[in-house]
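In what follows, a structure is listed as structure tokens, so that the remarks can point back to it.
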Amino acid sequence: MNYVGIDCGLDGAICVIGSSGRILSTRRMPTVKKGKGREIDLPELWNLIKFPVPVGDYTIGIEDPGGHAASAAGLRSMTYSFAAVMMCVVISKHRHTIYSAVEWQRVFWKKPKMAKGQKFNTKAAALVAAKRLWPDQGFLATAKSKVPHDGIVDALLIAEATRRIFK
């Protein structure tokens, strides 16, 4: 059994781990230019979900972005991306589950109480958790990247949460 984690955002990723937790594949979310912005490349997304690498049985974990965003345009983009991913996953007939960010994060850390006015940095906590699990992984989007890709980190952790829950 292989486990797929999908961070649906335009800067998200699709990652596959094996039943042992070993990383098998990491891919940034495929996007294409649209006007001044980007959107998910639907044919490429379908290819990644229909024929994941390596071939085998899959359980897919998908992060639901929720109903809140900093702007109406951001909420529209997140909803569109989630719907596109869900359409491909449902049509693929792979077993799948949907998590809120808080649900999959709870597998790796307990959010501490913060002083008034401070905010817990979930991206930093995710990177720490991912480095603990895969210490030799760079989490970079490309060979030229200098900083870890948040979408890859999150998608790997979503895959690992799915592995732990469904194994």
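Bear in mind these aren't lab numbers, they're just calculated from the coordinates by the rules spelled out. Here the structure is a predicted model, which means the values were calculated and not measured. Every residue, glycine as well, gets a Cβ built from its backbone with ideal geometry; the counts of neighbours run over all protein chains shown.
Taking a threshold of 20 Å on the Cα-Cα distance, which of the pairs 50/131; 111/167; 34/93; 50/93 fall above it?
Working: 50/131 29 Å; 111/167 25 Å; 34/93 29 Å; 50/93 9 Å.
Going by Cα-Cα distance, 50/131; 111/167; 34/93 fall outside the 20 Å limit.
Here's the picture: charge each Lys and Arg Cβ at +1 and each Asp and Glu Cβ at -1 in the chain, and of 128, 96, 162 the one pushed furthest to the positive end of that dipole is 128. For residue 13, neighbours were defined as the other residues whose beta-carbon sits under 11 Å from its Cβ, and their charges (Lys and Arg +1, Asp and Glu -1) total -3.
Which net charge results when you count Lys and Arg as +1 and Asp and Glu as -1 among the other residues whose beta-carbon is under 14 Å from that of residue 107? The partial results should precede the final answer.
Numbers: positive: 106, 110, 111, 132, 163, 164, 167; negative: 63, 103, 154, 160.
Spelling it out: positives minus negatives among the neighbours equals +3.
For the chain, the share of DSSP beta bridges that are antiparallel, to the nearest 5, is 60%.
Exposure proxy for 44, 63: other Cβ atoms within 10 Å of each Cβ, ordered fewest to most, give 44, 63.
Taken about its Cα centre, the stretch 1-113 carries a charge dipole of about 240 debye when Lys and Arg each add +1 at the Cβ and Asp and Glu each add -1 at the Cβ.
Counting charges near residue 98 (Lys, Arg +1; Asp, Glu -1) among other residues having Cβ under 11 Å from its Cβ returns a value of -3.
Ordering 29, 87, 114 from the fewest to the most neighbouring beta carbons within 10 Å gives 114, 87, 29. Each principal axis of the Cα atoms in the stretch 2-166 has its own extent, and those three values, largest first, are 45, 41, 33 angstrom.
For 142, 162, 26, which order do you get if you count the other beta carbons within 10 Å of each Cβ and list the fewest first?
Values: 142 8, 162 26, 26 23.
So the residues, fewest neighbours to most, are 142, 26, 162.
Sorting 130-141, 8-19, 115-126 by average packing, meaning the other beta carbons within 10 Å per residue, from highest down gives 8-19, 130-141, 115-126.
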